[in-house]
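Colleague: Okay, handing you the structure first.
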Amino acid sequence: MSEFDHDQKVTPIQVPKRLDTEETQMVLEDIKALLKKYEDTESHLHHSEGSIEQEPLDKSLLTQQYDTELANYLLPLHPADIAYILESLPHEERLRVWELVNSKYDGDILLEVDDWVREDLIAAMNHADLLAATETLDADELADLAPDLPAEVVAEVQKGLTERERTQLLAAMGYREGSVGAMMDFEMVRVRDDITLEVVLRYLRRLEYMPDHTDQIFIIDRQEHLLGVLSLADLLINDPETNVSQLMKTEFFSLTPEEDDTVATSAFERYDLVSAPVVDEENRLIGRVTINAVVDVMQEDSQEQDLARAGLAEEDTFASVEQAVRNRTPWLLINLCTASTASYIASLFESTVDQIVILAFLMSIVAGIGGNSGNQTLTLVIRAMAMKRINIKSTLSMLKREAIVTVCVGLTGSILASLFAWLVSGSYKIAIVMVVAMICNMLIGALLGVIIPIVRHHFNKDPAVGSSVLLTFATDALGFFIFLGLSSLFLLS
(Lines give C-alpha, C1' and ligand atoms only; values in the text may rest on other atoms or scores of the structure.)
Protein backbone atom coordinates (compact mmCIF):
# COMPACT_ATOMS: atom_id res chain seq x y z
CA MET A 1 0.00 0.00 0.00
CA SER A 2 1.32 3.47 -0.88
CA GLU A 3 2.16 5.88 1.90
CA PHE A 4 -0.64 8.11 0.62
CA ASP A 5 -3.27 5.37 0.86
CA HIS A 6 -4.90 5.06 4.25
CA ASP A 7 -8.26 4.18 5.71
CA GLN A 8 -9.87 6.44 8.22
CA LYS A 9 -13.29 6.80 9.74
CA VAL A 10 -15.08 9.87 8.47
CA THR A 11 -16.74 11.78 11.29
CA PRO A 12 -19.33 14.39 10.38
CA ILE A 13 -18.15 17.88 11.30
CA GLN A 14 -20.50 19.65 13.67
CA VAL A 15 -20.94 23.11 12.19
CA PRO A 16 -22.56 25.80 14.37
CA LYS A 17 -26.00 26.76 13.19
CA ARG A 18 -26.13 29.75 10.84
CA LEU A 19 -29.14 32.03 11.16
CA ASP A 20 -30.80 34.25 8.60
CA THR A 21 -31.49 37.88 9.47
CA GLU A 22 -35.00 37.25 10.81
CA GLU A 23 -33.85 34.33 12.98
CA THR A 24 -30.96 36.37 14.37
CA GLN A 25 -33.35 39.16 15.34
CA MET A 26 -35.65 36.67 17.06
CA VAL A 27 -32.79 35.17 19.08
CA LEU A 28 -31.57 38.66 20.01
CA GLU A 29 -35.03 39.64 21.22
CA ASP A 30 -35.28 36.40 23.23
CA ILE A 31 -31.94 37.10 24.88
CA LYS A 32 -32.91 40.70 25.66
CA ALA A 33 -36.20 39.48 27.15
CA LEU A 34 -34.40 36.91 29.28
CA LEU A 35 -31.91 39.50 30.54
CA LYS A 36 -34.75 41.88 31.37
CA LYS A 37 -36.66 39.10 33.13
CA TYR A 38 -33.62 38.25 35.24
CA GLU A 39 -33.10 41.92 36.12
CA ASP A 40 -36.74 42.36 37.16
CA THR A 41 -36.76 39.15 39.21
CA GLU A 42 -33.51 40.09 40.92
CA SER A 43 -34.90 43.53 41.76
CA HIS A 44 -38.09 41.98 43.15
CA LEU A 45 -36.09 39.51 45.21
CA HIS A 46 -33.99 42.32 46.64
CA HIS A 47 -37.02 44.33 47.77
CA SER A 48 -39.18 41.44 48.95
CA GLU A 49 -39.46 40.48 52.56
CA GLY A 50 -37.34 37.57 53.76
CA SER A 51 -34.35 36.66 55.85
CA ILE A 52 -31.01 38.29 55.06
CA GLU A 53 -29.38 34.85 55.03
CA GLN A 54 -31.83 33.46 52.48
CA GLU A 55 -31.43 36.28 49.90
CA PRO A 56 -27.89 35.39 48.68
CA LEU A 57 -28.92 31.74 48.29
CA ASP A 58 -32.02 32.66 46.27
CA LYS A 59 -30.01 35.03 44.12
CA SER A 60 -27.38 32.37 43.44
CA LEU A 61 -30.00 29.84 42.36
CA LEU A 62 -31.69 32.46 40.19
CA THR A 63 -28.38 33.35 38.54
CA GLN A 64 -27.62 29.71 37.77
CA GLN A 65 -31.07 29.21 36.29
CA TYR A 66 -30.87 32.19 33.95
CA ASP A 67 -27.24 31.52 33.03
CA THR A 68 -28.17 28.00 31.98
CA GLU A 69 -31.05 29.27 29.87
CA LEU A 70 -28.87 31.93 28.25
CA ALA A 71 -26.09 29.44 27.56
CA ASN A 72 -28.57 27.14 25.85
CA TYR A 73 -29.56 29.98 23.51
CA LEU A 74 -25.93 30.65 22.63
CA LEU A 75 -24.60 27.10 22.38
CA PRO A 76 -25.78 26.23 18.83
CA LEU A 77 -25.09 29.66 17.32
CA HIS A 78 -22.38 30.48 14.80
CA PRO A 79 -19.61 32.82 16.09
CA ALA A 80 -20.67 35.49 13.58
CA ASP A 81 -24.23 35.49 14.95
CA ILE A 82 -22.95 35.66 18.54
CA ALA A 83 -20.76 38.60 17.47
CA TYR A 84 -23.84 40.39 16.11
CA ILE A 85 -25.71 39.79 19.38
CA LEU A 86 -22.81 41.15 21.45
CA GLU A 87 -22.67 44.28 19.28
CA SER A 88 -26.39 44.81 19.89
CA LEU A 89 -26.22 44.81 23.69
CA PRO A 90 -25.19 47.51 26.19
CA HIS A 91 -21.91 47.10 28.08
CA GLU A 92 -23.17 45.26 31.19
CA GLU A 93 -25.44 42.88 29.31
CA ARG A 94 -22.76 42.30 26.67
CA LEU A 95 -20.25 41.16 29.29
CA ARG A 96 -22.82 38.94 30.96
CA VAL A 97 -23.55 37.15 27.67
CA TRP A 98 -19.82 37.00 26.83
CA GLU A 99 -19.13 35.06 30.03
CA LEU A 100 -21.57 32.35 28.91
CA VAL A 101 -20.20 31.86 25.38
CA ASN A 102 -18.50 28.53 24.68
CA SER A 103 -14.82 29.36 25.25
CA LYS A 104 -13.68 27.44 22.17
CA TYR A 105 -15.33 30.14 20.02
CA ASP A 106 -13.79 33.11 21.89
CA GLY A 107 -11.06 33.71 19.31
CA ASP A 108 -13.42 33.47 16.34
CA ILE A 109 -15.89 35.86 17.97
CA LEU A 110 -13.16 38.40 18.76
CA LEU A 111 -12.24 38.37 15.08
CA GLU A 112 -15.86 38.90 14.02
CA VAL A 113 -16.92 41.77 16.30
CA ASP A 114 -16.31 45.44 15.54
CA ASP A 115 -13.20 47.05 16.99
CA TRP A 116 -15.02 48.95 19.73
CA VAL A 117 -16.73 45.76 20.98
CA ARG A 118 -13.49 43.76 20.75
CA GLU A 119 -11.73 46.27 23.01
CA ASP A 120 -14.60 46.01 25.49
CA LEU A 121 -14.48 42.20 25.57
CA ILE A 122 -10.70 41.95 25.79
CA ALA A 123 -10.66 44.40 28.70
CA ALA A 124 -12.98 42.03 30.60
CA MET A 125 -10.81 38.93 30.00
CA ASN A 126 -7.95 37.77 32.20
CA HIS A 127 -4.52 36.65 30.99
CA ALA A 128 -5.40 32.94 30.92
CA ASP A 129 -8.63 33.51 28.98
CA LEU A 130 -6.84 35.61 26.37
CA LEU A 131 -4.18 32.93 25.88
CA ALA A 132 -6.84 30.24 25.51
CA ALA A 133 -8.76 32.35 22.99
CA THR A 134 -5.72 33.02 20.79
CA GLU A 135 -3.83 29.73 20.92
CA THR A 136 -5.94 28.14 18.15
CA LEU A 137 -5.79 31.10 15.76
CA ASP A 138 -3.67 31.26 12.63
CA ALA A 139 -0.82 33.73 12.20
CA ASP A 140 -2.85 36.13 10.06
CA GLU A 141 -5.73 36.04 12.55
CA LEU A 142 -3.37 36.71 15.45
CA ALA A 143 -2.01 39.68 13.52
CA ASP A 144 -5.54 41.10 13.26
CA LEU A 145 -6.03 40.84 17.05
CA ALA A 146 -2.49 41.83 18.10
CA PRO A 147 -3.10 45.63 18.21
CA ASP A 148 -5.89 45.11 20.77
CA LEU A 149 -4.13 42.46 22.88
CA PRO A 150 -1.82 43.20 25.84
CA ALA A 151 1.85 43.04 24.79
CA GLU A 152 2.60 40.26 27.27
CA VAL A 153 -0.15 38.08 25.77
CA VAL A 154 1.20 38.56 22.24
CA ALA A 155 4.72 37.71 23.44
CA GLU A 156 3.54 34.55 25.18
CA VAL A 157 1.46 33.45 22.20
CA GLN A 158 4.52 33.77 19.96
CA LYS A 159 6.41 31.32 22.16
CA GLY A 160 3.91 28.58 21.33
CA LEU A 161 4.23 29.06 17.57
CA THR A 162 6.50 27.18 15.21
CA GLU A 163 9.36 29.08 13.62
CA ARG A 164 7.41 29.37 10.37
CA GLU A 165 4.26 30.59 12.15
CA ARG A 166 6.28 33.11 14.15
CA THR A 167 7.84 34.44 10.96
CA GLN A 168 4.41 34.72 9.36
CA LEU A 169 2.98 36.51 12.39
CA LEU A 170 5.78 39.07 12.49
CA ALA A 171 5.48 39.61 8.75
CA ALA A 172 1.70 40.11 8.95
CA MET A 173 2.05 42.54 11.86
CA GLY A 174 4.62 44.49 9.86
CA TYR A 175 2.30 45.38 7.00
CA ARG A 176 0.49 48.69 7.26
CA GLU A 177 -3.23 48.77 7.85
CA GLY A 178 -5.12 48.98 4.60
CA SER A 179 -2.58 46.97 2.62
CA VAL A 180 -2.93 43.59 0.92
CA GLY A 181 -0.41 42.15 3.37
CA ALA A 182 -2.66 43.05 6.29
CA MET A 183 -5.61 41.15 4.81
CA MET A 184 -3.89 38.05 3.41
CA ASP A 185 -3.74 34.66 5.10
CA PHE A 186 -1.10 31.95 4.98
CA GLU A 187 -3.26 28.83 4.73
CA MET A 188 -3.16 27.49 1.17
CA VAL A 189 -2.45 24.32 -0.78
CA ARG A 190 0.88 24.30 -2.63
CA VAL A 191 2.35 21.53 -4.77
CA ARG A 192 5.23 21.05 -7.21
CA ASP A 193 4.79 20.99 -10.97
CA ASP A 194 6.62 17.69 -11.58
CA ILE A 195 3.95 15.41 -10.08
CA THR A 196 0.74 13.89 -11.41
CA LEU A 197 -2.84 14.73 -10.50
CA GLU A 198 -3.12 11.38 -8.72
CA VAL A 199 -0.31 12.36 -6.37
CA VAL A 200 -2.01 15.69 -5.71
CA LEU A 201 -5.30 13.94 -4.89
CA ARG A 202 -3.58 11.56 -2.47
CA TYR A 203 -1.88 14.52 -0.83
CA LEU A 204 -5.22 16.32 -0.40
CA ARG A 205 -6.79 13.24 1.18
CA ARG A 206 -4.10 13.27 3.84
CA LEU A 207 -4.93 16.81 4.93
CA GLU A 208 -6.97 17.22 8.10
CA TYR A 209 -9.01 19.92 6.37
CA MET A 210 -8.98 22.11 3.29
CA PRO A 211 -8.31 25.82 3.85
CA ASP A 212 -11.47 27.88 3.48
CA HIS A 213 -12.28 29.19 0.00
CA THR A 214 -9.83 26.89 -1.74
CA ASP A 215 -10.74 27.09 -5.41
CA GLN A 216 -7.24 26.66 -6.79
CA ILE A 217 -3.93 25.04 -5.91
CA PHE A 218 -0.72 27.02 -6.21
CA ILE A 219 2.19 25.49 -8.13
CA ILE A 220 5.67 26.35 -6.86
CA ASP A 221 9.28 25.31 -7.42
CA ARG A 222 11.83 24.37 -4.77
CA GLN A 223 12.51 28.03 -3.98
CA GLU A 224 8.75 28.66 -3.57
CA HIS A 225 8.52 30.80 -6.71
CA LEU A 226 4.95 30.80 -8.02
CA LEU A 227 4.86 29.01 -11.38
CA GLY A 228 1.12 28.74 -11.95
CA VAL A 229 -2.27 27.76 -10.56
CA LEU A 230 -4.38 24.63 -10.89
CA SER A 231 -8.14 24.89 -10.39
CA LEU A 232 -9.93 22.22 -8.40
CA ALA A 233 -12.26 21.71 -11.35
CA ASP A 234 -9.30 20.81 -13.60
CA LEU A 235 -7.91 18.55 -10.89
CA LEU A 236 -11.16 16.57 -10.61
CA ILE A 237 -12.20 16.15 -14.23
CA ASN A 238 -8.86 15.28 -15.86
CA ASP A 239 -6.99 11.99 -16.10
CA PRO A 240 -5.19 11.31 -12.78
CA GLU A 241 -2.04 10.35 -14.70
CA THR A 242 -1.80 13.83 -16.24
CA ASN A 243 1.16 15.88 -15.07
CA VAL A 244 0.46 19.10 -13.13
CA SER A 245 2.72 21.09 -15.48
CA GLN A 246 0.48 20.19 -18.40
CA LEU A 247 -2.69 21.60 -16.81
CA MET A 248 -1.53 24.51 -14.67
CA LYS A 249 -2.32 28.02 -15.86
CA THR A 250 0.72 30.27 -16.09
CA GLU A 251 -1.37 33.37 -16.78
CA PHE A 252 -3.02 34.35 -13.51
CA PHE A 253 -3.79 37.39 -11.38
CA SER A 254 -1.54 38.00 -8.38
CA LEU A 255 -1.10 40.70 -5.73
CA THR A 256 1.84 42.11 -3.81
CA PRO A 257 1.64 42.70 -0.03
CA GLU A 258 2.45 46.42 -0.20
CA GLU A 259 -0.46 47.28 -2.51
CA ASP A 260 -3.55 49.03 -1.14
CA ASP A 261 -6.38 46.67 -0.24
CA THR A 262 -8.55 48.60 -2.70
CA VAL A 263 -6.50 47.00 -5.49
CA ALA A 264 -7.62 43.60 -4.22
CA THR A 265 -11.26 44.59 -3.77
CA SER A 266 -11.42 46.06 -7.27
CA ALA A 267 -9.81 42.97 -8.81
CA PHE A 268 -12.11 40.54 -6.98
CA GLU A 269 -15.13 42.54 -8.10
CA ARG A 270 -13.90 42.83 -11.69
CA TYR A 271 -12.74 39.26 -12.22
CA ASP A 272 -15.20 37.45 -9.88
CA LEU A 273 -12.31 35.91 -7.92
CA VAL A 274 -12.59 33.58 -4.94
CA SER A 275 -8.90 33.70 -4.04
CA ALA A 276 -5.71 35.27 -5.38
CA PRO A 277 -2.03 34.57 -4.61
CA VAL A 278 0.20 37.16 -2.95
CA VAL A 279 3.85 37.21 -4.07
CA ASP A 280 6.91 39.19 -3.03
CA GLU A 281 9.21 41.17 -5.30
CA GLU A 282 10.99 37.94 -6.32
CA ASN A 283 7.71 36.20 -7.20
CA ARG A 284 7.85 33.92 -4.17
CA LEU A 285 4.45 32.82 -2.89
CA ILE A 286 3.91 34.26 0.60
CA GLY A 287 0.14 34.13 1.08
CA ARG A 288 -3.25 34.55 -0.51
CA VAL A 289 -6.27 36.83 -0.33
CA THR A 290 -9.72 35.25 -0.14
CA ILE A 291 -13.18 36.54 -0.90
CA ASN A 292 -14.24 36.62 2.76
CA ALA A 293 -11.40 39.02 3.59
CA VAL A 294 -12.33 41.19 0.61
CA VAL A 295 -15.98 41.38 1.67
CA ASP A 296 -14.92 42.38 5.20
CA VAL A 297 -12.70 45.16 3.85
CA MET A 298 -15.43 46.45 1.54
CA GLN A 299 -17.95 46.50 4.38
CA GLU A 300 -15.55 48.29 6.74
CA ASP A 301 -14.67 50.88 4.08
CA SER A 302 -18.35 51.50 3.38
CA GLN A 303 -19.16 51.97 7.06
CA GLU A 304 -16.18 54.28 7.58
CA GLN A 305 -17.17 56.43 4.61
CA ASP A 306 -20.76 56.71 5.84
CA LEU A 307 -19.54 57.89 9.25
CA ALA A 308 -16.82 60.12 7.80
CA ARG A 309 -19.27 62.08 5.66
CA ALA A 310 -20.96 63.18 8.87
CA GLY A 311 -17.63 63.88 10.58
CA LEU A 312 -17.90 60.86 12.88
CA ALA A 313 -15.48 58.15 13.94
CA GLU A 314 -16.45 54.57 14.78
CA GLU A 315 -18.38 54.56 18.05
CA ASP A 316 -19.98 52.02 20.33
CA THR A 317 -23.74 52.32 19.91
CA PHE A 318 -24.04 51.99 23.69
CA ALA A 319 -20.99 54.11 24.56
CA SER A 320 -21.09 56.46 27.52
CA VAL A 321 -22.43 59.96 27.03
CA GLU A 322 -18.97 61.41 27.70
CA GLN A 323 -17.36 59.27 24.98
CA ALA A 324 -20.13 60.06 22.48
CA VAL A 325 -19.79 63.78 23.16
CA ARG A 326 -16.02 63.66 22.57
CA ASN A 327 -16.56 61.84 19.29
CA ARG A 328 -19.27 64.06 17.87
CA THR A 329 -18.40 67.54 19.14
CA PRO A 330 -15.45 68.60 16.90
CA TRP A 331 -17.21 68.57 13.53
CA LEU A 332 -20.45 69.89 15.04
CA LEU A 333 -18.51 72.91 16.33
CA ILE A 334 -16.97 73.37 12.89
CA ASN A 335 -20.44 73.12 11.39
CA LEU A 336 -21.67 75.73 13.86
CA CYS A 337 -18.88 78.10 12.81
CA THR A 338 -19.59 77.59 9.11
CA ALA A 339 -23.35 78.06 9.61
CA SER A 340 -22.69 81.24 11.58
CA THR A 341 -20.51 82.54 8.76
CA ALA A 342 -23.24 81.84 6.22
CA SER A 343 -25.78 83.62 8.42
CA TYR A 344 -23.43 86.60 8.77
CA ILE A 345 -23.12 86.86 4.99
CA ALA A 346 -26.91 86.84 4.73
CA SER A 347 -27.12 89.58 7.38
CA LEU A 348 -24.97 91.88 5.22
CA PHE A 349 -27.93 92.10 2.86
CA GLU A 350 -30.46 92.87 5.57
CA SER A 351 -31.68 96.00 3.84
CA THR A 352 -32.27 94.10 0.62
CA VAL A 353 -34.30 91.45 2.40
CA ASP A 354 -36.26 94.10 4.32
CA GLN A 355 -37.36 95.73 1.07
CA ILE A 356 -38.12 92.46 -0.77
CA VAL A 357 -39.26 90.01 1.91
CA ILE A 358 -39.83 87.14 -0.53
CA LEU A 359 -36.05 86.87 -0.97
CA ALA A 360 -35.78 85.44 2.56
CA PHE A 361 -37.78 82.41 1.45
CA LEU A 362 -36.19 81.97 -1.96
CA MET A 363 -32.54 82.17 -0.90
CA SER A 364 -32.82 78.89 1.04
CA ILE A 365 -33.79 77.16 -2.22
CA VAL A 366 -30.64 78.43 -3.93
CA ALA A 367 -28.41 77.29 -1.07
CA GLY A 368 -30.11 73.90 -0.73
CA ILE A 369 -30.00 73.03 -4.45
CA GLY A 370 -26.32 73.96 -4.60
CA GLY A 371 -25.58 71.72 -1.64
CA ASN A 372 -27.49 68.79 -3.14
CA SER A 373 -25.72 69.15 -6.47
CA GLY A 374 -22.35 69.27 -4.74
CA ASN A 375 -23.09 66.24 -2.57
CA GLN A 376 -23.99 64.19 -5.64
CA THR A 377 -20.61 64.99 -7.18
CA LEU A 378 -18.84 64.53 -3.85
CA THR A 379 -20.25 61.03 -3.42
CA LEU A 380 -19.27 59.99 -6.94
CA VAL A 381 -15.73 61.36 -6.58
CA ILE A 382 -15.08 59.73 -3.20
CA ARG A 383 -16.34 56.39 -4.54
CA ALA A 384 -14.21 56.72 -7.68
CA MET A 385 -11.15 57.56 -5.57
CA ALA A 386 -11.74 54.52 -3.37
CA MET A 387 -11.86 52.37 -6.51
CA LYS A 388 -8.67 54.03 -7.84
CA ARG A 389 -10.51 55.29 -10.92
CA ILE A 390 -9.45 58.93 -10.62
CA ASN A 391 -6.48 60.83 -9.22
CA ILE A 392 -5.02 64.34 -9.20
CA LYS A 393 -3.99 64.04 -12.87
CA SER A 394 -7.59 63.48 -13.93
CA THR A 395 -8.94 66.41 -11.88
CA LEU A 396 -9.20 68.82 -14.81
CA SER A 397 -11.18 66.43 -17.01
CA MET A 398 -13.43 65.59 -14.05
CA LEU A 399 -14.05 69.30 -13.42
CA LYS A 400 -15.01 69.86 -17.07
CA ARG A 401 -17.38 66.91 -17.07
CA GLU A 402 -19.11 67.93 -13.84
CA ALA A 403 -19.43 71.53 -15.03
CA ILE A 404 -21.18 70.42 -18.23
CA VAL A 405 -23.47 67.98 -16.39
CA THR A 406 -24.33 70.61 -13.77
CA VAL A 407 -25.19 73.27 -16.35
CA CYS A 408 -27.47 70.83 -18.19
CA VAL A 409 -29.22 69.73 -15.01
CA GLY A 410 -29.18 73.24 -13.58
CA LEU A 411 -30.97 74.75 -16.57
CA THR A 412 -33.92 72.43 -16.12
CA GLY A 413 -34.09 72.90 -12.35
CA SER A 414 -33.53 76.65 -12.41
CA ILE A 415 -36.27 77.23 -15.01
CA LEU A 416 -38.75 75.40 -12.79
CA ALA A 417 -37.50 77.33 -9.74
CA SER A 418 -37.80 80.65 -11.61
CA LEU A 419 -41.38 79.85 -12.55
CA PHE A 420 -42.11 79.23 -8.89
CA ALA A 421 -40.35 82.48 -7.93
CA TRP A 422 -42.37 84.41 -10.55
CA LEU A 423 -45.64 82.91 -9.34
CA VAL A 424 -45.05 83.77 -5.67
CA SER A 425 -43.45 87.19 -6.26
CA GLY A 426 -45.04 88.40 -9.49
CA SER A 427 -41.64 89.76 -10.57
CA TYR A 428 -39.83 88.51 -13.66
CA LYS A 429 -36.62 90.16 -12.39
CA ILE A 430 -36.64 87.92 -9.31
CA ALA A 431 -37.22 84.92 -11.59
CA ILE A 432 -34.17 85.85 -13.70
CA VAL A 433 -32.01 86.35 -10.60
CA MET A 434 -33.21 82.95 -9.38
CA VAL A 435 -32.04 81.24 -12.61
CA VAL A 436 -28.58 82.83 -12.57
CA ALA A 437 -28.01 82.31 -8.85
CA MET A 438 -29.08 78.66 -8.92
CA ILE A 439 -26.86 77.74 -11.87
CA CYS A 440 -23.88 79.58 -10.37
CA ASN A 441 -24.30 77.93 -6.95
CA MET A 442 -24.82 74.49 -8.47
CA LEU A 443 -21.60 74.95 -10.44
CA ILE A 444 -19.79 75.96 -7.26
CA GLY A 445 -21.16 72.91 -5.44
CA ALA A 446 -20.19 70.52 -8.24
CA LEU A 447 -16.68 71.95 -8.63
CA LEU A 448 -16.03 71.88 -4.89
CA GLY A 449 -17.41 68.33 -4.82
CA VAL A 450 -14.48 67.40 -7.05
CA ILE A 451 -11.80 69.64 -5.52
CA ILE A 452 -12.35 69.08 -1.77
CA PRO A 453 -11.84 65.27 -1.65
CA ILE A 454 -8.92 65.38 -4.12
CA VAL A 455 -7.14 68.11 -2.14
CA ARG A 456 -7.68 66.25 1.14
CA HIS A 457 -6.32 63.06 -0.45
CA HIS A 458 -3.28 64.99 -1.72
CA PHE A 459 -2.46 65.98 1.88
CA ASN A 460 -2.95 62.38 3.09
CA LYS A 461 -6.30 63.09 4.72
CA ASP A 462 -9.35 60.88 4.43
CA PRO A 463 -11.33 62.40 1.51
CA ALA A 464 -14.64 61.48 3.12
CA VAL A 465 -14.03 62.99 6.58
CA GLY A 466 -15.93 66.26 6.94
CA SER A 467 -16.09 66.91 3.19
CA SER A 468 -19.86 67.34 3.26
CA VAL A 469 -19.53 69.88 6.10
CA LEU A 470 -17.06 71.97 4.10
CA LEU A 471 -19.19 71.67 0.98
CA THR A 472 -22.38 72.72 2.77
CA PHE A 473 -20.59 75.77 4.21
CA ALA A 474 -19.43 76.87 0.75
CA THR A 475 -22.78 76.37 -0.99
CA ASP A 476 -24.73 78.05 1.83
CA ALA A 477 -22.41 81.04 2.17
CA LEU A 478 -21.80 81.58 -1.53
CA GLY A 479 -25.43 80.78 -2.38
CA PHE A 480 -26.65 83.53 -0.06
CA PHE A 481 -23.98 85.92 -1.34
CA ILE A 482 -24.70 85.31 -5.03
CA PHE A 483 -28.50 85.41 -4.74
CA LEU A 484 -28.72 88.41 -2.43
CA GLY A 485 -25.87 90.19 -4.21
CA LEU A 486 -27.56 89.84 -7.60
CA SER A 487 -30.85 90.91 -6.02
CA SER A 488 -29.22 94.07 -4.64
CA LEU A 489 -27.72 94.90 -8.02
CA PHE A 490 -30.70 94.26 -10.26
CA LEU A 491 -33.74 94.70 -8.07
CA LEU A 492 -32.81 97.77 -6.02
CA SER A 493 -30.79 99.72 -8.55
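The values are calculated or read from the model by the stated rules, or taken from the named source; none is laboratory data. Not measured: the values here are computed from a predicted model. Here the Cβ is made from the backbone with ideal geometry for all residues, glycine too, and neighbour counts use every protein chain on show. Accessible surface areas use protein heavy atoms only, side chains included; no ligands, DNA or RNA. Shrake-Rupley method; radii C 1.70, N 1.55, O 1.52, S 1.80 Å.
Colleague: How much accessible area per residue does the chain have, counting only protein heavy atoms and a probe of 1.4 Å, in square angstrom?
Modeller: On the way: 27460 Å² over 493 residues.
Heavy-atom SASA per residue in the chain reads 56 Å².
Colleague: Return the long-range amide H neighbours of ALA464 (sequence gap of 5 or more, or a different chain), with a cut-off of under 5 Å between placed amide H atoms.
Modeller: It is none; the list stays empty.
Colleague: Now a separate question. Nearest 0.05, what FRET efficiency do LYS429 and ARG401 give at R0 = 35 Å with Cβ-Cβ as r?
Modeller: Details: r = 33 Å, r/R0 = 0.94.
For LYS429 and ARG401, the calculated efficiency is 0.60.
Colleague: Is it possible to state the helix-based mean residue ellipticity at 222 nm for the chain, with each DSSP H run of 4+ residues giving -39500 (n - 2.57), the sum divided by total residues, to the nearest 500 deg cm²/dmol? What is it?
Modeller: Values: 22 runs with 322 residues, N = 493.
Using -39500 (n - 2.57) per qualifying helix, the result is -21500 deg cm²/dmol.
Colleague: Suppose the chain between THR256 and ALA132 were pulled fully straight at 0.36 nm per residue; how much longer would it get relative to their current alpha carbon spacing? Before the final figure, lay out each step's value.
Modeller: On the way: separation 124, 0.36 × 124 = 44.64 nm, distance 3.28 nm.
Length gained between THR256 and ALA132: 41.4 nm.
Colleague: Full extension from CYS408 to ALA233: what is 0.36 nm times the residue separation minus their Cα-Cα distance, to one decimal in nm?
Modeller: On the way: separation 175, 0.36 × 175 = 63.00 nm, distance 5.19 nm.
So the chain would gain 57.8 nm between CYS408 and ALA233.
Colleague: ARG326 accessible area, nearest 10 Å², 1.4 Å probe?
Modeller: ARG326 exposes around 150 Å² with every protein chain in place.
Colleague: So if I place +1 on the C-beta of Lys and Arg and -1 on the C-beta of Asp and Glu, and nothing else carries charge, what would the dipole magnitude of the chain be about its Cα centre? I want it in debye, nearest 20. Each step should come with its number before you reach the end.
Modeller: Numbers: 37 positive and 78 negative charges, 647 e Å.
With Lys and Arg at +1 and Asp and Glu at -1, about 3100 debye.
Colleague: Given R₀ = 30 Å, what would the calculated FRET efficiency be for TYR209 paired with LYS37, taking r from the Cβ atoms and rounding to 0.05?
Modeller: On the way: r = 41 Å, r/R0 = 1.36.
FRET efficiency, TYR209 to LYS37: 0.15.
Colleague: How long is the gain from ALA384 to LEU170 if the chain were fully straight, where each residue apart is worth 0.36 nm and the alpha carbon distance is subtracted?
Modeller: Details: separation 214, 0.36 × 214 = 77.04 nm, distance 3.34 nm.
My answer for the length gained is 73.7 nm.
Colleague: Report the calculated FRET efficiency for SER245 and GLU22 (r = Cβ-Cβ distance, R0 = 51 Å), to the nearest 0.05. Let's see the in-between values first.
Modeller: Details: r = 50 Å, r/R0 = 0.99.
For SER245 and GLU22, the calculated efficiency is 0.50.
Colleague: Oh, and also: Out of all DSSP beta bridges in the chain, what portion is antiparallel? Express it as a percent rounded to 5. Display every interim value, and only then the final one.
Modeller: On the way: 15 of 20 bridges.
Counting only bridges with both partners in the chain, antiparallel ones make up about 75 percent.
Colleague: Further, regarding this structure: Leaving out ligands, DNA and RNA, what percent of the accessible area of the chain is carbon and sulfur, probe 1.4 Å? If you can, show how the numbers build up before the last one.
Modeller: Values: 15510 of 27460 Å².
C and S atoms contribute 56 percent here.
Colleague: Within the chain, which whole H helices from DSSP have a Cα span along their axis of at least 20 Å and a mean Kyte-Doolittle hydropathy of 0.0 or more, if any? Let's see the in-between values first.
Modeller: Values: long enough: 21-47 (39 Å, -0.96); 54-74 (30 Å, -0.83); 291-309 (27 Å, -0.55); 321-347 (36 Å, 0.27); 358-386 (43 Å, 1.23); 395-425 (41 Å, 1.36); 428-458 (45 Å, 1.79); 467-491 (35 Å, 1.76).
Helix filter hits for the chain: 321-347, 358-386, 395-425, 428-458, 467-491.
Colleague: Run the simple label-point estimate for ASP296 and ILE392 please: 7 Å along Cα→C-beta, distance reported in nm.
Modeller: My value for the distance between the label points is 3.4 nm.
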